[in-house]
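To keep things clear, I will list the structure first and then write my remarks on it.
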Amino acid sequence: MILTTSSVEETMDLGHAIGSSIDEKTMISLSGDLGAGKTHLTKGIARGMGIREEVTSPTFAIIQEYKIEDKGLFQPLDMYHFDLYRITDEEELYHIGYSDYLNKDALIILEWAQNVRAALVPDRLDISLEYTGEDNKRKISLEARGPSSERLLKKIGENLRGKYENTGN
């Protein structure tokens, strides 16, 4: 699925639709240049999941943990947001406790996932954000990498029907 957003607000709204579609343990890998909108998309995903605290880029902390305050109203998943900009290989990733997070029933979002492709789980949703060269427009590609992420992508598509310019499957 390839979509186009025209503002920060639309990117966050797209994230909200993604987050409200998540109902099971999931990994989302985010790739794109600096300033492409990865953290804004993540903020929207968090809101869609029911996370109320402010989501910030964990560039220096590497990971931020977010807990859903009222699990009775939303899916019972917490969110772990990694920023892998400063991680250069898979071995370094494992030294920060990455494998421990893989065992949790949670959403794991990895910004700069392209830095550690070999360490990603096989069933994940890959999201790529890129500038289009027009004002604030972003081309956002969502690609499922397994059966669980295919179900998620289908739900996202249903939630988005007619909302954004769809420039491809």
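Taking a quarter of the surface of the Cα convex hull of the chain gives a mean projected area of 9.2 nm². Scaling against 2.2 N^0.38 Å puts the C-alpha radius of gyration of region 2-64 at 1.09.
Entry note, the chain: relative contact order of 33 percent, from Cα contacts under 8 Å with a spacing of 6+ residues. Once a ≥ b ≥ c are taken as the square roots of the eigenvalues of the Cα gyration tensor of region 87-169, is the result rounded (a/c under 1.5), prolate (a/b larger than b/c) or oblate (a/b not larger than b/c)? Here region 87-169 falls in the oblate category.
Per-residue ellipticity at 222 nm, computed for the chain from helices alone with -39500 (n - 2.57) per DSSP H run of at least four residues, works out to -9000 deg cm²/dmol.
Here, each number is a calculation from the coordinates, and none is a lab measurement. Please read all numbers here as calculations on a predicted model, not as lab measurements.
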